[in-house]
Structure formats: structure tokens, C-alpha cells
Amino acid sequence: MEIPMKMVGFGLKLPLFCLLLLVLAGESVEAQTGSVRGRVREQKGGPLSEVVVIASSDGHRYETKSDARGEFQFQELAPGDYAFSFSRAGYKSFNTRRLAVAAGETVRLRQVIELAREEDPYAVIRGAVLYGVGFTLPNAAITLERIDGKKKMKMETVSHEGGEFAFRLRADKANYRLTARAPGFEPASIDLPIENDEVRNVVITLQKK
């Protein structure tokens, strides 16, 4: 059985016609949207991968991640003004000012985004040394010791003009003993448990000998 030549011709032309439609559709999408490219690195370091990058505008939100070279790219962004945020565990987040993204254009961030490492969490013990009925006591010797037996640690300072003092510690779960001493006064101590990155306020009152 012979196939009519007209049918053969139509069958050959149909794939080309579909391909042309796909190309035109792709060009249409690109013409109606914009794109953004940039790079991320560690402050004073090399490229930073796995950084979550979020592009947000009124009614639009897009998300991507930086690759092993610290590069990221947004494609097919609706035209508008976008703010970009960068975040990764262990690093301080960074936000940019709004950037205009136009249809059919690619915005390349001129500067490499740098993320600084977060400081290790810490706890603070602060307070004041008093005597009598609320009188502040400057120049008292303050000692802080770890007393849970897990790790030896001892810190010393002196109370200031208003009797105040402060210690900054790693945010480890631990028990401490705070002791204040001053000439002509009986020493006094307070035991303090620290659970995490917290601030403990204390008052130590010394009695005259």
C-alpha cells in the first residue's frame, strides 16, 4: 500500500513546526522576564557554597542556592524591584538594597557578597558589690570559678566606681561560684548555674568585719 505524498510531507513538516513554536515560546518568556547573577564568598576567604539566596519583591519571592564556586543565578524573574537576602548556618545574614530587574535583561552584581562568621554564643554574669544599706563598693576583688568539676576555670576582675562588674563566658552548661573580697569586709560568695547563652544579674553584699 502506498502512502500519499501529501501525508508524508505533512508528517515531515509537523516536528519542525512544533520545534519552531517551542523556540518562539522560550524567546517570549525570556523577553518578559529578567535574570540576576552574582557570587558569594566568606569574608576574607574563598567561595561559599550552599548559601540560601532569596529574591523578594511585591508579590514575588524566589529562592536559590550558591554552587561550589559561590555563584548563584535567578532566571525568569518578573520585572520589578528586588531585595536579596543571603543566609547560611554559622554566618551572619546579609541583605541588599533593592535592585531593579527589567524584562529581557540580566543584572550582574558588581561586588561579591561577603558573609562574616557568627561569633560563638556566650553568657554574661554581671552585677554589683554593695555594703551596708545599698552603698556601692568600688575596688572589690571579684573571683569567678567553675565548681562542677568538669573543667577548671578561674577569672578575676575588680568592681568599678559604682560597684559594678561583669564576666563574659562561653555558653556552656556549668556551675560557677562568684566571690567578692575587700579590705575590712567579710568575703561573700554566690553559686550560679549557667544553662546557655544567657545574662545573669547578681548583687553581692559584704558585711564589715
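Tell me yes or no: at least one residue of the stretch 98-110 is surrounded by 12 or more Cβ atoms within 10 Å (Cβ to Cβ), in contact with a helix residue (DSSP H, G or I) (Cβ under 6 Å, 6 or more places away or on another chain), aliphatic (A, V, I, L, M) and within 30 Å of residue 78 (Cβ to Cβ).
Yes - at least one qualifying residue is present in the stretch 98-110.
Hey, among 132, 149, which residue is out of contact with any strand residue (DSSP E or B) (no Cβ under 7 Å at 6 or more places or on another chain), within 23 Å of residue 209 (Cα to Cα) and modelled with pLDDT under 90? First the steps, then the outcome.
Details: 149 fails: within 23 Å of residue 209 (Cα to Cα).
Step by step, each of 132, 149 is checked, and only 132 is out of contact with any strand residue (DSSP E or B) (no Cβ under 7 Å at 6 or more places or on another chain), within 23 Å of residue 209 (Cα to Cα) and modelled with pLDDT under 90.
Here's a check for you: in the stretch 53-71, which residue that is over 19 Å from residue 101 (Cβ atoms) and not charged (D, E, K, R) is surrounded by the fewest Cβ atoms within 10 Å (Cβ to Cβ)?
Top of the filtered list is 68.
Tell me which residues, restricted to the stretch 135-165, are surrounded by 15 or more Cβ atoms within 10 Å (Cβ to Cβ) and small (Gly, Ala, Ser).
Once the filter is applied, which keeps residues that are surrounded by 15 or more Cβ atoms within 10 Å (Cβ to Cβ) and small (Gly, Ala, Ser), the stretch 135-165 yields 140, 141, 159, 163.
Being of a type in the set (D, E, K, R) and in a loop (DSSP other than H, G, I, E, B) is the filter here, so list the residues in the stretch 96-113 that pass it. Talk me through it step by step, then tell me what you get.
If we filter the stretch 96-113 for residues that are of a type in the set (D, E, K, R), which is where we start, we get 97-98, 105, 108, 110.
Within the stretch 96-113, 97, 98, 105, 110 qualify.
In the stretch 126-137, is there at least one residue being under 30 Å from residue 91 (Cα atoms), within 37 Å of the chain's Cα centre (by Cα) and not aromatic (Phe, Trp, Tyr)?
Taking the stretch 126-137 and keeping what is under 30 Å from residue 91 (Cα atoms), we get 126.
Now restrict to residues that are within 37 Å of the chain's Cα centre (by Cα): 126.
Those still in the list that are not aromatic (Phe, Trp, Tyr) too: 126.
The answer is yes; a qualifying residue exists.
Can residue 177 be described as part of a strand (DSSP E or B), among the charged types (D, E, K, R) and surrounded by 13 or more Cβ atoms within 10 Å (Cβ to Cβ)? Spell out the reasoning first.
Values: part of a strand (DSSP E or B): yes; among the charged types (D, E, K, R): yes; surrounded by 13 or more Cβ atoms within 10 Å (Cβ to Cβ): yes.
Yes; evaluated as a whole, the condition is true for this residue.
Taking the stretch 124-163, which residues are among the β-branched types (Val, Ile, Thr), assigned to a loop (DSSP other than H, G, I, E, B) and either touching a Gly at 6+ places or on another chain (Cβ under 8 Å) or without any contact (Cβ under 8 Å) to a residue 24 or more places away in the chain (or both)?
Pass one, the stretch 124-163, residues among the β-branched types (Val, Ile, Thr): 124-125, 129, 133, 136, 142-143, 147, 157-158.
With assigned to a loop (DSSP other than H, G, I, E, B) added as a condition, the list becomes 133, 147.
133, the sole residue that qualifies.
Which ones in the stretch 190-201 are over 31 Å from the mean Cα position of the chain (by Cα) and either surrounded by 13 or more Cβ atoms within 10 Å (Cβ to Cβ) or not assigned by TED's automatic domain parsing to the domain that holds residue 162 (or both)? Break it down into steps so the answer makes sense when it comes.
Kept after step one, since they are over 31 Å from the mean Cα position of the chain (by Cα), are these residues of the stretch 190-201: 190-191.
Scanning the stretch 190-201 gives a single hit, 190.
The values are calculated or read from the model by the stated rules, or taken from the named source; none is laboratory data. This is a predicted model, so every value here is computed, not measured. Using ideal geometry, Cβ is built from the backbone for each residue, glycine included, and neighbour counts are taken over all protein chains shown.
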